[in-house]
Amino acid sequence: MTQFTDLGLAKPLLKALTEEGYTTPTPIQAQAIPGVMSGRDLLGIAQTGTGKTAAFALPILHRLAEDRKPAPRRGCRCLVLSPTRELATQIAESFRAYGRHLGMTVAVIFGGVKYGPQMRALAGGIDILVATPGRLIDHLGEKSAVLSSTEIFVLDEADEMLDLGFLVPIKRIVSHLPKSRQNLFFSATMPTEIGRLAGDLLHD
Ligand code: AMP
């Protein structure tokens, strides 16, 4: 059976995984990690509880670490969109846990809280930004967020996003991203409109 040590992940990531008590990748991790590490797009059909967060967080951290550069001012190297603040917070915690020996910066942006701390967090640039769509759109309107240098885009729980009416906000956000980027798309279900959105977003 595949072990994390077989996947070629950077040593600091393997160290964090050992500390987390992970030894064996879940099926979605074993299937997703090699392709995402090589820069390809990904369409993942997976529920919460399958280990899908690590399936994208680990190869993303690996890629950002192997090509180190300063995060763009007011922007990020990797953007993760999540439907709810709870999920956004959990995703950010996973990036922090797995990336703890890599010195990556992680921030979360969601509605219902003050703008000031989020603007200050964005100002200097962050490696990994996890956001809910509504508040991110506000920051784009205020120019406190600029997404033109984003290298990797993750859309998590796409079906939940559409149920919550986020299709138009997602398209708006995507219009701020550079054309050349890596795309990761996750959904628990694949109805027609999700398939169409995936077809629009994924290229490789
Ligand atoms: P997720 O599906 O991303 O919400 O992850 C579900 C839970 O499984 C989380 O609590 C993770 O910490 C845990 N987990 C993810 N991958 C592994 C793994 N390979 N080995 C052990 N636990 C894991």
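Run the accessible area of the chain with a 1.4 Å probe and give the carbon-and-sulfur part as a rounded percent. If you can, show how the numbers build up before the last one.
On the way: 4900 of 9370 Å².
Solvent-exposed carbon and sulfur of the chain make up 52 percent of the total.
Just order 92-98, 6-12 by mean Cβ neighbour count inside 10 Å, highest at the front, would you? Kindly include the intermediate steps, with their values, before the conclusion.
Details: 92-98: 19.7, 6-12: 16.0.
The peptides rank, most packed first, as 92-98, 6-12.
Could you put 114, 15 in order of accessible surface area, largest first, with the 1.4 Å probe and the full protein assembly present? Don't jump to the answer; show the numbers that get you there.
Numbers: 114 160, 15 115 Å².
The most accessible residue leads, giving 114, 15.
By how many nm would the segment from residue 179 to residue 31 grow when fully extended, if each residue of separation counts as 0.36 nm and the alpha-carbon distance is taken off?
Details: separation 148, 0.36 × 148 = 53.28 nm, distance 2.58 nm.
Between residue 179 and residue 31, full extension yields an extra 50.7 nm.
For 159, 200, what's the largest-to-smallest order of accessible area, 1.4 Å probe?
Details: 159 25, 200 90 Å².
The ordering from most to least exposed comes out as 200, 159.
What is the gain in length, in nm to one decimal, between residue 48 and residue 114 on full extension, counting 0.36 nm per residue of separation less the C-alpha to C-alpha distance? Intermediate values should be presented prior to the final figure.
Working: separation 66, 0.36 × 66 = 23.76 nm, distance 2.89 nm.
So the chain would gain 20.9 nm between residue 48 and residue 114.
Between beta-carbons, use under 14 Å as the cut-off and find the net charge around residue 191, counting Lys and Arg +1, Asp and Glu -1. Please report the intermediate quantities before stating the final value.
Details: positive: 196; negative: 157, 159, 160, 163, 193.
Charge balance in the 14 Å sphere: -4.
Multiply the residue separation of residue 192 and residue 172 by 0.36 nm, subtract the distance between their alpha-carbon atoms, and state the gained length in nm to one decimal. Write out the running numbers ahead of the final one.
Working: separation 20, 0.36 × 20 = 7.20 nm, distance 2.04 nm.
5.2 nm is the gain from fully extending residue 192 to residue 172.
Which number gives the lysine pairs in the chain that have C-alpha atoms under 26 Å apart and are eight or more places apart or on different chains?
The result is 13.
Residues of the chain: accessible area per residue at 1.4 Å, in Å²?
Working: 9370 Å² over 204 residues.
Averaged over the residues of the chain, the accessible area is 46 Å².
Once ligands and nucleic acids are excluded and a 1.4 Å probe is used, how much of residue 203 is accessible, expressed in Å² to the nearest 10?
130
Could you tell me the accessible area of residue 181 in Å² (1.4 Å probe, neighbours in place), rounded to the nearest ten?
My reading of the accessible area for residue 181 is about 40 Å².
Taking R0 as 22 Å, what's the FRET efficiency between residue 40 and residue 93 from their Cβ-Cβ distance, rounded to 0.05? The partial results should precede the final answer.
Details: r = 26 Å, r/R0 = 1.19.
About 0.25, to the nearest 0.05.
Three principal axis extents, largest first, for the C-alpha atoms of the chain, in Å?
47, 39, 30
The values are calculated or read from the model by the stated rules, or taken from the named source; none is laboratory data. Just so it is clear, the structure is predicted and the values come from calculations on it, not from any experiment. Counting neighbours? That spans all protein chains shown, and the Cβs are built from the backbone with ideal geometry, glycine included. Note: areas computed on protein heavy atoms with side chains; ligands, DNA, RNA excluded. Shrake-Rupley method; radii C 1.70, N 1.55, O 1.52, S 1.80 Å.
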